[in-house]
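One structure below.
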Amino acid sequence: MREAAFLTVAEASRLIAERKLSPVELTEACLRRIETLDNQIDSFVTVTAERARAEARAAEAAIMASAPKSRLHGIPYCLKDIFDTAGIRTTAMSKLLADNVPARDSHCQERLAAAGGVLLGKNATWEFAHGGPSWDILFPPARNPWDRSCSPSGSSSGSAAAVAAGFAPATLGSDTGGSIRGPAAACGIAGLKPTYGLVSRRGVLPNCFSQDHAGPLAWTTEDVAILLQAIAGHDPEDPGSANVAIPDYLAALTGSVKGLVIGVPTEWLEKEAPPSPATMAAFEVALNVFRGLGASVQAVTLPAIEQFDDAKKILAISELFTIHADDLRKRPELFGASLRYRIIAGGLVRAEDYIQAIRLRTELARKLQAVLSRVDLLMLPTAEPAKELEPVHPSTLFTQPSLTAAFNVGGNPALSVCSGFDARGLPFSLQIVGRLFDEATVLRAGDAYEKATPWRDKRPVF
Amino acid sequence: MSQTPTDDDIVQLARQAGLDLPAEFMPELIEAYGHVRQMTARVRAARPRGDEPAHVFVAAAFRKDQR
């Protein structure tokens with residue numbers, strides 16, 4: 001058996017059900033790695049070791065008395081530090097929330113606890129999931145386990161880094177423009193932004209409510225499916241929550257992608273936001289894997305990236321300003337410089353422009369769904385491999401085209417999986433985008449790809 | 001405001017938004033607003049009077065409050 005901390009959720013769950021692995025043993029293995037190695041990664045801002053040990057003991061006793069109540073029973077996990085956890089500090093890495101201890105769990109935490117999961121602690125994020133990386137906020141930024149001089153990207157930085165480092169097999173993040181997929185890409189793991197409304201954001205500190213998504217990150221797509229099963233579903237306390245039937249995501253992982261039609265937005269990749277030659281080469285190899293599995297690939301035309309980015313960012317900066325207006329007016333010095341730069345001009349956006357952005361968003365979402373009515377999936381790189389962890393001018397948020405934000409505008413499910421490694425040993429990434437509420441096909445494709453390639457066999461060494 | 005606002009214009013706009021910022025933060029507001037103006041200029045388009053998705057209001061979402 002592999003070292004316990006490196007087991008996937010699926011593997012650990014199987015072993016726990018067979019009584020070959022104790023949740024206590026698994027939790028101790030994770031806590032040991034966090035204690036000895038996280039000083040190099042800074043992926044956790046709060047470790048709930050004693051609580052985790054108690055939850056693991058309770059899980060073990062319950063399982064020994066009968067059987068696991070779910071695939072997550074006795075499985076350790078962690079949460080981005082914007083998910084409310086009753087009695088446990090939730091800071092969003094901000095000096096503004098240094099002493100914030102919620103009285104109630106977020107919806108997602110309630111679901112994971114009900115499934116029998118073991119909470120290890122809270123993960124580093126960019127400040128309020130938007131400004132970063134920053135060195136002038138409550139905690140230092142997380143580092144990339146593949147190369148500690150590199151960034152794990154953001155904003156779900158610590159979540160992705162913790163999974164890649166073998167500190168936890170599962171975590172949740174949030175994604176308003178790519179904040180699950182970017183870190184998943186940089187850290188070589190799987191991360192899913194579900195369809196808008198599929199997973200409740202109740203109790204998740206907001207970035208931009210009209211485009212916020214909560215979702216899972218894990219080593220494999222199969223594990224992402226297990227986590228999604230636990231957290232998906234209607235919540236009347238989230239006004240954006242969708243009341244839809246939740247399929248069996250694990251049952252969808254048939255291993256077959258035969259007959260699927262994959263669209264590639266060639267204009268984006270050749271003209272509007274061309275990735276590096278190495279990233280494009282890795283992408284072409286990934287497409288060939290799908291061709292070899294029986295899928296077909298065709299070029300598609302999407303609206304310009306700049307239109308998606310404009311709609312996304314005008315909505316985001318307006319909503320972010322509204323959320324933080326009181327603090328920006330009264331104590332602007334408590335914000336990190338990166339976040340303050342990225343939201344303060346939102347107070348000067350006119351209502352007319354905000355509404356024009358909503359109109360544009362609707363138009364773009366319709367056009368995106370029209371393309372996805374002709375193909376089953378879209379594929380493109382998620383991002384370039386990780387860059388150095390160093391201060392970034394906050395204006396890059398406004399000036400750099402995004403390969404991920406379009407799918408927040410459209411609301412579509414989008415998964416990032418590892419698609420190999422560059423010459424420095426840093427992960428490449430593949431983004432798989434599906435039709436609204438068709439997570440099953442997205443996950444099926446990601447799982448089939450991972451099982452047809454050797455990338456899940458390699459872990460960061462440090 | 002179609003022409004490029006001066007720094008003083010931006011200070012005035014900020015005050016109208018309730019932002020009486022310390023002087024040290026004004027350069028970042030002025031620079032960031034330059035980026036925002038470029039984006040808002042691009043989304044302004046002539047649209048039909050009925051093209052108003054912001055008016056969408058989903059009454060069903062409030063049904064639980066009636067119970």
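Let's see how each residue does on (1) among the hydrophobic types (A, V, I, L, M, F, W, C); (2) not in a loop (DSSP other than H, G, I, E, B):
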| residue | (1), (2) |
| --- | --- |
| A:Asp136 | no, no |
| A:Ala142 | yes, no |
| A:Thr171 | no, yes |
| A:Gly177 | no, no |
| A:Ala186 | yes, yes |
| A:Phe209 | yes, no |
| A:Leu217 | yes, yes |
| A:Ile246 | yes, no |
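Restricting attention to the stretch A:144-169, the residues being in contact with a strand residue (DSSP E or B) (Cβ under 7 Å, 6 or more places away or on another chain), surrounded by fewer than 24 Cβ atoms within 10 Å (Cβ to Cβ) and part of a strand (DSSP E or B) number 1. Scan the stretch A:360-375 for residues that are buried (at least 18 other Cβ atoms within 10 Å of the Cβ) and basic (Lys, Arg) and the total you get is 1. Restricting the search to the stretch A:50-90, which residues are within 17 Å of A:Leu227 (Cα to Cα), among the basic types (Lys, Arg) and either in a loop (DSSP other than H, G, I, E, B) or not assigned by TED's automatic domain parsing to the domain that holds A:Pro133 (or both)? The answer is A:Lys69, A:Arg71. Applying the set (1) within 24 Å of the chain's Cα centre (by Cα); (2) over 20 Å from B:Val43 (Cβ atoms) to A:Thr399 leaves exactly one unmet item: (2). Name the residues in the stretch B:24-67 that are over 21 Å from the mean Cα position of the chain (by Cα), under 22 Å from A:Asp238 (Cβ atoms) and part of a helix (DSSP H, G or I), would you? Passing the criteria: B:Ala59, B:Ala60, B:Ala61, B:Phe62, B:Arg63, B:Lys64, B:Asp65, B:Gln66. Looking at the stretch A:25-49, which of its residues are outside any helix (DSSP H, G or I) and of a type in the set (Val, Ile, Thr)? Correct list: A:Ile41, A:Val45, A:Thr46, A:Val47, A:Thr48. Within the stretch A:223-235, does at least one residue satisfy the condition of being at pLDDT 95 or above and at positive phi? The answer is yes; a qualifying residue exists. For the stretch A:257-282, give me each residue that is outside any helix (DSSP H, G or I), touching a residue at least 12 places away in the same chain (Cβ under 8 Å) and closer than 17 Å to A:Leu378 by Cα. Within the stretch A:257-282, A:Val257, A:Lys258, A:Gly259, A:Leu260, A:Val261, A:Ile262, A:Gly263, A:Val264, A:Pro265, A:Ala273, A:Pro275 meet the criteria. Summed over the stretch A:283-294, residues that are in a helix (DSSP H, G or I) and in contact (Cβ under 8 Å) with a residue 12 or more places away in the chain total 7.
Summed over the stretch A:416-449, the residues that are under 15 Å from A:Leu217 (Cα atoms) and in a helix (DSSP H, G or I) give a count of 5. Considered as a group, the residues in the stretch A:373-408 that are assigned to a loop (DSSP other than H, G, I, E, B) and either of a type in the set (S, T, N, Q) or under 30 Å from B:Arg49 (Cβ atoms) (or both) include one that is farthest from the other protein chains (Cβ to nearest Cβ), and that residue is A:Thr382. Quick check on my filter: what residues within the stretch A:376-421 are of a type in the set (Val, Ile, Thr) and buried (at least 22 other Cβ atoms within 10 Å of the Cβ)? The answer is A:Thr382, A:Thr404, A:Val409, A:Val417. State yes or no: is A:Ala316 crowded, with 19+ Cβ neighbours inside 10 Å, more than 8 Å from every other protein chain (Cβ to nearest Cβ), small (Gly, Ala, Ser) and touching a His at 6+ places or on another chain (Cβ under 9 Å)? Yes; evaluated as a whole, the condition is true for this residue. For the stretch A:329-348, enumerate the residues that are within 9 Å of chain B (Cβ to nearest Cβ) and more than 14 Å from B:Glu24 (Cβ to Cβ). Once the filter is applied, which keeps residues that are within 9 Å of chain B (Cβ to nearest Cβ) and more than 14 Å from B:Glu24 (Cβ to Cβ), the stretch A:329-348 yields A:Arg329, A:Arg342, A:Ile343, A:Ala345, A:Gly346, A:Gly347, A:Leu348.
Filtering the stretch A:87-109 to residues that are of a type in the set (Asp, Glu) and free of Cβ contacts under 8 Å to residues at least 60 places away in the same chain leaves only A:Asp99. Consider A:Ile358 carefully, then state whether it is farther than 30 Å from A:Leu415 by Cβ, at the interface with chain B (Cβ under 8 Å from one of its Cβ atoms) and of a type outside the set (Asp, Glu). Criteria not met by A:Ile358. Filtering A:Ala98, A:Ala114, A:Ala103, A:Ala92 for residues that are within 20 Å of A:His324 (Cα to Cα) and surrounded by fewer than 20 Cβ atoms within 10 Å (Cβ to Cβ) leaves a single hit, A:Ala98. If the condition is being more than 12 Å from the chain's Cα centre (by Cα), at the interface with another protein chain (Cβ under 9 Å from one of its Cβ atoms) and in a helix (DSSP H, G or I), then the stretch B:1-23 contributes B:Ile10, B:Gln16. Taking the criterion of being among the small types (Gly, Ala, Ser) and more than 7 Å from chain A (Cβ to nearest Cβ), the residues of the stretch B:46-64 that qualify are B:Ala46, B:Gly50, B:Ala59, B:Ala60.
The values are calculated or read from the model by the stated rules, or taken from the named source; none is laboratory data. Everything numeric in this text was worked out from a predicted model, so none of it was measured. All Cβ positions, even for glycine, are placed from backbone atoms using ideal geometry, and neighbour counts span all protein chains on display.
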